[in-house]
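Enquirer: Before we start, here is the structure in question, set down as structure tokens.
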Amino acid sequence: MQEPASGKLKTNDGVRAAPARRPAGTKFDFMVVSNRLPVDRFTSDGTDDGGSGWRRSPGGLVAALAPLMGKSEGAWVGWHGAPDETVRPFSHEGMDLVPVQLSADDVELYYEGFSNATLWPLYHDVIAPPEFHRTWWDSYRRVNRKFAEAVARHAAEGATIWVQDYQLQLVPRLLRESRPDLKIGFFNHIPFPPPEIFAQLPWRKEIIDGLLGADLLGFQRPSDAGNFMRSARRFLGASVKQQQVHVKGPDGAITHIARAQAFPISIAVDQISDLAKSPAIIERARRIREDLGNPKTILLGVDRLDYTKGIRHRLKAYEELLAEGHIKVEDATLIQVASPSRERVEQYRLLREEIEGTVGHINGTYDTIQNTAVRYLHHSYPAEEMVALYLAADVMLVTALRDGMNLVAKEYVTARTEDTGALILSEFAGAADQLKQALLINPHDIDGMKNAIMRAVNLPAREAHRRMKGMRKQILTHDVDHWSADFLAALKEKVVRDDT
């Protein structure tokens, strides 16, 4: 394996990881491609910088696809998380992993720059202003080519390739050009913006063309798929027939048909349900309430610390309810979990300062010796602690200003095995399409959010049971295995050309 021009060569020696399960040069019939591999490095002392072993990453995508990888004997392609080092292909918990090497410049320009300071805000309704820099775009193209080349080297003839998310939107076209034998799927985990917003991107044609290299494009909501097809028609002049985009070559002839459909992602239902029934976790939930002074109502927000999540709007509504006396600190507590996110990016650093300042102001104004208005937790927690929090909370607040799905909403509902509790859910989160029995809100409407909070606090037990039961039924029958199976089955379908 070639060493980067600058940096160090680091192998798996001294790192607790199995070598690749199959000989070097093995080709794979199924490959998943994402920005990160489904593993994180850890050390014996719990820090991140020693490199003594690997453990499976948390998150819905890994939970969804890891079992599939073991059954299919496929491989997962992605960055292993450390810049300027080369890691050989290896295996972990039955998965073959193919690392892609990124330099420190790649991480800064492709990932922190174009992916998260250009595409992320643009695709989330420009809640924060996106930045457009040609050096970032050049890096994005180079890195996407690295990923495509890694796939092309390891893919068997006629293999199925499933590319994940907005960091790798050029990979489908690059693969189609180098390996036209492949079956290529792409799934966009975040919203796809309407053409009126997408138009701002200087490289809009290149992104659409990159995505149209796929045979099947999956989105969280039908509106996202519709936005993509409208952009393909507007910016490339593509012929769109229902869910089919007829992709033409330089000579004007149709080279293939790309389909765009909604495949809403879900969660590992069995894992959450089993944890929710664990006596140890039920006891932990009881202790959480006790430690908070056994308030009548616990409200809970669980988010990455991101400007798309509506945390500021949530705190504003809660503070006004306290100020107006509708909620009293002796009766209610808001737990806000805000896990660290992109802390090297200036917008996120400023957001953290603002949120922590707001929490300090609320607590300074309304706390008593015995009671705390907002318990703010800037940490990430394991699944066991999260489920305990879900069980402890009477009201779940999901107030995203824009969200592809929001799996926290589905996790909360799944954990409420006795069909109790209330979910307040932003209509701008993809989960609102499936969880219609939630108390749906427009998070920009602070008065509307306040009314929803008070309704949730006082929701009659019978109505709460009916709403939660309906939502649980939807999730139990549409879990994450259902999502992956639906997508891959659709990818294998023979396309019937629709020229009507």
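The values are calculated or read from the model by the stated rules, or taken from the named source; none is laboratory data. Just so you know, these numbers come straight off a predicted model, no measurement behind them. We place every Cβ from the backbone using ideal geometry, glycine too, and count neighbours over all the protein chains shown. Areas reflect the complete protein model, heavy atoms only, side chains present, ligands, DNA and RNA absent. Shrake-Rupley method; radii C 1.70, N 1.55, O 1.52, S 1.80 Å.
Enquirer: Roughly what would the spin-label model give for R462 and K183, points 7 Å off Cα along C-beta, in nm?
Expert: It works out to 5.1 nm between the two label points.
Enquirer: Mind checking which of L182, A128, L168 is farthest towards the positive end of region 124-201's charge dipole, using Cβ charges of +1 (Lys, Arg) and -1 (Asp, Glu) about the Cα centre?
Expert: In region 124-201, that residue is L182.
Enquirer: Please name which of S223, Y348, G249 has its Cα lying farthest along the dipole of the chain towards the positive end, using unit charges on Cβ (Lys, Arg +1; Asp, Glu -1) and the Cα centre as origin.
Expert: Towards the positive end, the residue furthest out is G249.
Enquirer: Rounding to the nearest 20 debye, state how big the charge dipole of region 217-293 is about its Cα centre with +1 on each Lys and Arg Cβ and -1 on each Asp and Glu Cβ.
Expert: Dipole of region 217-293, to the nearest 20 debye: 380 debye.
Enquirer: Follow-up question, since we're still on this one. Using r as the Cβ-Cβ distance of E384 and R312, and R0 as 30 Å, what FRET efficiency do you calculate, to the nearest 0.05?
Expert: So the FRET efficiency works out to roughly 0.55.
Enquirer: GluC sites (Glu not before Pro), restricted to region 264-324: which are DSSP loop and have at most 11 other Cβ atoms within 10 Å?
Expert: Hits after loop and neighbour filter: E324.
Enquirer: If you don't mind, there's one more thing I want to ask. Quick one: length gained pulling R286 to K205 fully straight, 0.36 nm per residue minus the C-alpha distance?
Expert: Full extension of this stretch gives 23.7 nm more.
Enquirer: Continuing with this model, one more query. Run the simple label-point estimate for N294 and F42 please: 7 Å along Cα→C-beta, distance reported in nm.
Expert: Result: 3.6 nm between the two label points.
Enquirer: Here's a follow-up. Relative to the present Cα-Cα distance, how much length would full extension add between D331 and H361 at 0.36 nm per residue of separation?
Expert: 8.9 nm
Enquirer: Using θ = phi - 60° and the Karplus curve 6.51 cos²θ - 1.76 cosθ + 1.60, what whole-Hz ³J(HN,Hα) does each residue of region 432-448 get, with Gly and Pro shown as x?
Expert: With coefficients 6.51, -1.76 and 1.60, one gets 5, 5, 9, 9, 6, 8, 5, 7, 7, 9, 9, x, 6, 8, 5, 4, x Hz.
Enquirer: Sticking with this one: At 222 nm, what value in deg cm²/dmol follows for the chain if DSSP H runs of at least 4 each add -39500 (n - 2.57) and the sum is divided by all its residues, to the nearest 500?
Expert: Calculated at 222 nm, the ellipticity per residue is -11500 deg cm²/dmol.
Enquirer: Treating only the Cβ atoms of Lys and Arg (+1) and Asp and Glu (-1) as charged, compute the dipole magnitude of the chain about its Cα centre; round to the nearest 20 debye.
Expert: Dipole of the chain, to the nearest 20 debye: 1160 debye.
Enquirer: Still on this structure: Under 8 Å for C-alpha pairs, at least 6 residues apart: give me the relative contact order for the chain, rounded to a whole percent.
Expert: In percent, rounded to a whole number, it is 12.
Enquirer: Okay, moving on. Against the longest principal axis of the chain, how steep is helix 60-72, in degrees 0 to 90 to the nearest 10, with axes from Cα atoms?
Expert: For helix 60-72, the angle is close to 40 degrees.
Enquirer: List the trypsin sites (Lys or Arg not before Pro) within region 252-346 that fall in a DSSP loop (any state other than H, G, I, E or B) and whose Cβ has at most 16 other Cβ atoms within 10 Å.
Expert: K277, K296, K328, R344
Enquirer: Could I get the Rg over Rh figure for the chain? Both from C-alpha atoms, Rh via Kirkwood, rounded to two places.
Expert: 0.97
Enquirer: Same structure again: Tell me, what is the 1.4 Å probe accessible area of R349, in Å² to the nearest 10?
Expert: For R349, the solvent-accessible surface is approximately 100 Å².
Enquirer: Computed FRET efficiency, Cβ-Cβ of E196 and D274, R0 56 Å: what is it to the nearest 0.05?
Expert: Calculated transfer efficiency: 0.80.
Enquirer: Under the rule of at least 5 residues apart or a separate chain, name every residue whose amide H is placed under 5 Å from the amide H of L440.
Expert: Residues meeting the amide H criterion: L425.
Enquirer: Here's a follow-up. Give a residue-ordered list of calculated ³J(HN,Hα) values for region 333-339 (Karplus: 6.51 cos²θ - 1.76 cosθ + 1.60, θ = phi - 60°; whole Hz; x for Gly, Pro).
Expert: 9, 9, 9, 10, 8, 10, 6
Enquirer: Might you report the magnitude of the Cβ-based charge dipole of region 115-190 about its Cα centre, with Lys and Arg at +1 and Asp and Glu at -1, to the nearest 20 debye?
Expert: 260
Enquirer: Here is a further query. Using only Cα atoms and rounding to the nearest 10 degrees, what angle (0 to 90) does helix 311-323 make with the longest principal axis of the chain?
Expert: It works out to around 10 degrees.
Enquirer: I'd like the accessible area for K492, computed on protein heavy atoms only with a 1.4 Å probe and all protein chains in place. Round to 10 Å², please.
Expert: 150
Enquirer: Right, here's the next one. If I model a spin label as a point 7 Å beyond the Cα along the Cα-Cβ vector, how far apart are those points for R134 and M454 in nm?
Expert: Between R134 and M454, the simple spin-label model gives 5.7 nm.
Enquirer: Please give the contour-minus-distance gain from E108 to L377: 0.36 nm per residue of separation, less the Cα-Cα distance, rounded to one decimal in nm.
Expert: Length gained, E108 through L377: 94.1 nm.
Enquirer: What lysines does K248 reach when the alpha-carbon gap must be under 27 Å and sequence neighbours fewer than 8 apart in one chain are set aside?
Expert: K146, K183, K205, K492, K494
Enquirer: Along the positive direction of the dipole of the chain (beta-carbon charges: Lys, Arg +1; Asp, Glu -1; about the Cα centre), which of F30, A456, A438 reaches farthest?
Expert: F30
Enquirer: Hey, another quick one. Could you pull out every residue, at least 5 positions away or on a different chain, whose amide H is within less than 5 Å of the one on R36? Hs are placed 1.01 Å off N in the peptide plane, and Pro or chain starts have none.
Expert: Here the answer is W79, since their amide H atoms fall under 5 Å of that of R36.
Enquirer: Enter the angle in degrees (range 0 to 90, nearest 10) between the Cα long axis of helix 279-291 and the first principal axis of the Cα atoms of the chain, meaning the one along which they spread out most.
Expert: Once rounded, the angle reads 50 degrees.
Enquirer: Let me ask something else about it. Given H placed on each backbone N at 1.01 Å, which residues far from W54 in sequence or on other chains put an amide H within less than 5 Å of it?
Expert: R16, F42
Enquirer: Applying 1/(1 + (r/R0)^6) with R0 = 56 Å to the Cβ-Cβ distance of I369 and D251, what FRET efficiency is obtained, to the nearest 0.05?
Expert: Approximately 0.10, to the nearest 0.05.
Enquirer: Here is a follow-up. Pop out the ³J(HN,Hα) list for region 152-163 in order, Karplus 6.51 cos²θ - 1.76 cosθ + 1.60 with θ = phi - 60°, rounded to Hz; leave Gly and Pro as x.
Expert: Running phi through 6.51 cos²θ - 1.76 cosθ + 1.60 with θ = phi - 60° gives 4, 5, 9, 7, 6, 4, x, 5, 9, 10, 10, 8 Hz.
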